[in-house]
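Heads up, the thing below is written out as structure tokens.
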């Protein structure tokens, strides 16, 4: 359970947050994405749900037009090549080659060439790639271990003894799979003791393997799953926290007591987290003083703050999908009104500043009182001749409180 330190009355209560434990590295924020992350055939308690959600959010693996993910569907070597290229950014290790069974116009031709050149995949004798072949689980693990240049630090056979079906692992795959096991890339469902190395890898299994490979290479925070194989790990396990959809983030805006914008404008806005968000045990998840960077945007009947990034006081950055309620309160500015009374303790969007300037005739609104955006001068003409204008009036203390729209994974250092 999470709470807010000194939670103020009127602030929405936080939902329960789940604590996940694993190897946590500095979180690498993916590019902003509007990818689908929930699917009609992946329930919240499905064993690979979090792996699928995180990877789909990074656009590494996607769903289908009908809203499904098809987690039990087999993955081909061509499909896996495409996923690897999206997941890992790595310079070429060897020149790309042309496989005899991969025509230049084949949909994954480029992805296969790239996956080969960066060391994740190789071909078969006769210069064949077999792009449509369903990829076995052991091939996926070998690919990830080789591509990330992992070698076992311990005795290979001793490590593989963990698996009850270790004898089924092919000779070429034994050393890379031992390395992948040490790096906690291996995820076995429903029984962690059975690797099933020759079984075809499903979309859910590949999502779990790739995500764990990102964790192992310090590109993602660990997910707490009972199906991740951990053999003789001596690495300290810092904590990561999943902040669920619907959680409230308390924020403040210290620069003014009021914000005015037109109903049609978009204005950049940075808010400050006003209170620590902490676990019941006292661990701070989002420290007070962290910044929420986003924009005020037009919304049906008013304006809405839409968050884009969360920057913690430690410097860690996360893509943030959160928003306030739509703000519809208005304030009317009439011709002849004193500009001073309007802008006292107020900041304005560029559109609102232009409106005030045009309606009141005051051309001397200070730039420090205006949120960044379009130049005021270019907008003033839109309001010439108007005797009044209605502006959206925002009270930062109450109107900008926001909730998270999508689960957020935050690492604790």
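The table that follows gives values for the structure above.
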item	result
Given (1) in a loop (DSSP other than H, G, I, E, B); (2) touching a helix residue (DSSP H, G or I) at 6+ places or on another chain (Cβ under 6 Å), number of the condition residue 107 does not satisfy	(2)
Segment 188-218, residues that are assigned to a helix (DSSP H, G or I) and over 18 Å from residue 120 (Cβ atoms)	204
Selection count where residues are in a helix (DSSP H, G or I), touching a strand residue (DSSP E or B) at 6+ places or on another chain (Cβ under 7 Å) and at pLDDT below 85, scope segment 368-409	3
Hits in segment 334-348 (condition: surrounded by 11 or more Cβ atoms within 10 Å (Cβ to Cβ) and either over 21 Å from residue 399 (Cα atoms) or modelled with pLDDT under 80 (or both))	334, 335, 337, 339, 342, 343, 344
Candidate set from segment 31-52 (those that are in a helix (DSSP H, G or I) and either more than 30 Å from residue 117 (Cβ to Cβ) or outside the structural domain of residue 135 (by TED's automatic domain parsing) (or both)); member that is farthest from the chain's Cα centre (by Cα)	49
Top-ranked residue in segment 219-264 [being within 18 Å of the chain's Cα centre (by Cα), closer than 23 Å to residue 187 by Cβ and in a loop (DSSP other than H, G, I, E, B); ranked as modelled with the lowest pLDDT]	244
Unique residue being assigned to a helix (DSSP H, G or I), touching a helix residue (DSSP H, G or I) at 6+ places or on another chain (Cβ under 9 Å) and not assigned by TED's automatic domain parsing to the domain that holds residue 316 when the list is 150, 162, 172	172
Count of residues meeting criterion [within 15 Å of residue 147 (Cβ to Cβ) and touching a strand residue (DSSP E or B) at 6+ places or on another chain (Cβ under 9 Å)] in segment 89-106	0
Sole residue being crowded, with 21+ Cβ neighbours inside 10 Å, more than 25 Å from the chain's Cα centre (by Cα), under 30 Å from residue 168 (Cα atoms) and in contact (Cβ under 8 Å) with a residue 12 or more places away in the chain, chosen from 78, 74, 108	78
Residue under evaluation residue 139, criteria (1) touching a residue at least 40 places away in the same chain (Cβ under 8 Å); (2) within 26 Å of the chain's Cα centre (by Cα), criterion not met	(2)
Unique match (being farther than 30 Å from residue 109 by Cβ and under 29 Å from the mean Cα position of the chain (by Cα)) among 189, 150	189
Qualifying position, being in the same structural domain as residue 36 (by TED's automatic domain parsing), crowded, with 19+ Cβ neighbours inside 10 Å, in contact (Cβ under 8 Å) with a residue 12 or more places away in the chain and not in a helix (DSSP H, G or I), among 121, 144	121
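Let's see how each residue does on (1) at pLDDT 95 or above; (2) more than 21 Å from residue 76 (Cβ to Cβ); (3) surrounded by 18 or more Cβ atoms within 10 Å (Cβ to Cβ):
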site	(1), (2), (3)
167	yes, yes, no
179	yes, yes, yes
194	yes, yes, no
198	yes, no, no
201	yes, no, yes
206	yes, no, yes
210	yes, no, yes
214	no, yes, yes
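The values are calculated or read from the model by the stated rules, or taken from the named source; none is laboratory data. Just so we're clear, the structure is a prediction, and the values are computed from it rather than from any experiment. Note: ideal-geometry Cβ built from the backbone for every residue, glycine included; neighbour counts use all protein chains shown.
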